[in-house]
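Here, each number is a calculation from the coordinates, and none is a lab measurement. Everything quoted here is computed from the prediction, not taken from an experiment. Neighbour counts run over all protein chains shown; Cβ positions are idealised from the backbone, glycine included.
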């Protein structure tokens, strides 16, 4: 068979069901081979969007999302989405084309060292220089991408290698078992939990992968310990669970930091330091810390770990739960979760304070409250990056893990719309909503056409303020209210939606938002909602949080 035929068979052996991408001349043999496969090719309108689709698909399925681009500018267009997947721990395999190996040693058309470009932003990247290596390289790319902590890998296929004849078969896919926790480390963790007066669980990105959330909930209930989640750990404990103390992540003060101020032990589970630096919650450097993750704890002076448990997270927490049962039989839970009810009530009332505010432009709080009410427990919200991300991260709470996707490691604008398209392929049976700012939305607006053509059922809600709102907010906070020029103009979004052949509405009053959202969710296809947002609330929130008194 041709080498490109073998490559496709290797992808089939890995369980690949679809590839998101934009092909080029150098992918031609691969694309023709793909015609004979059951693998679906989702033609996109920009390579960055294709990578974001694969990013979200990988996060939600646990299987590597696959994206494709040609050489040169096609490969460079993939970079942001690939880097986002890598830093946000999404399994992704990118396939890129390359010119003939006969011309790569010299100056030639669109020739660049793409592998060198991808190496700093991926777990692994390699070129198929020899058709005999296709099964090994493919197997390695998927194994590395999907092994905890997951991330991105890249396979480059030169056009002349793709044409060569080869007589090989794919390598079998063998499940890799993650190691169990060391029994001494588990015993030491149980010692600290037993000695602690006010322990606190910090649930990060890894706490919502690989069955981990179930064990986190068991630990919280068994020991009577409250749980705070990062932006990317939402849903580790349901929002209506009394053990849930909601979300941490704003770099200023917030009510939830009171819990960290009072805690003498932090049990961090699946916590990535890229999510929220420990210097913000451990300023005094006096917390005892149990680190439970797939990798050893990062070295950080604000993160002095007492017990470092490096193992499968779900299994490690399960072992701790079983050890607690054995050591404290008849005395569980160790702590009374009701002692945290006052703080939980304070936070909850703060989050709900303006849920019915009828002002227009709409308050961010009202919009998030309405979205939460409109969506079911298993429905998925994706947040783009901008001022709205800070509001969603603080205010939007979840009942289940992996129902709110936020780019918070790499923080990529333009993520939510294509990510939502990817999410509809991962979970076609739930509602999918992308919330974007007007700046981030227009960065990948071209793939509305993909959503329409592919008949994807999703709702994109765009918050309009005509500025780079988050940059303005940050500058105002640091420079006494001053900011650089950040305003821009917008198109008529209802006409824009119509030009793509899709449903679109502009909300003109706060009370109209919920009916319009309800109609959009019932629509069989992509929908676009735009609404003017009152970002004067940004500075009001900064001032209000700055007045919170926290324990030293």
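Results, tabulated for the structure shown:
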quantity	calculated
DSSP beta bridges in the range 444-539 [antiparallel fraction, %, rounded to 5]	10 percent
Taking 500, 246 and counting other C-beta atoms within 10 Å, the order from fewest to most	500, 246
Taking 138, 509 and counting other C-beta atoms within 10 Å, the order from fewest to most	509, 138
Among beta bridges that DSSP assigns inside the range 353-545, antiparallel share in %, nearest 5	5 percent
Alpha-carbon radius of gyration plus Dmax, which is the widest Cα pair, for the range 69-142 in Å	12.7, 37
The range 256-295 residues near the modelled residue 477 label - backbone nitrogen below 13 Å, point 7 Å along Cα→Cβ	277, 280
Relative contact order %, the chain, counting alpha carbon pairs below 8 Å whose residues are six or more apart	14 percent
Projected area averaged over orientations for the range 183-342, convex hull of C-alpha atoms, nm²	8.2 nm²
Sorted by Cβ neighbour density within 10 Å, fewest at the top, the residues 352, 495, 367	495, 352, 367
C-alpha center-to-center spacing [the range 199-257, the range 465-511] in angstrom	32 Å
Kirkwood Rh and Cα Rg combined as Rg/Rh, the range 476-552	1.15
Antiparallel bridges, percent of DSSP beta bridges restricted to the chain (to nearest 5)	5 percent
Quarter of the Cα convex hull surface for the range 393-525, i.e. its orientation-mean projected area (nm²)	9.6 nm²
Over 25 Å [Cα-Cα, the range 268-372], rounded percent	50 percent
Relative contact order (percent, whole number), the range 183-342, Cα cutoff 8 Å, 6+ residue spacing	29 percent
Coarse-grained scattering of the chain at q = 0.10 Å⁻¹, given as base-10 log I(q)/I(0) from a Debye sum over alpha-carbon atoms	-0.85
Taking the C-alpha atoms of the range 3-163, convex hull volume expressed per residue in Å³	90 Å³
Length gained when the stretch residue 180-residue 540 is fully extended (0.36 nm per residue, less Cα-Cα span)	124.9 nm
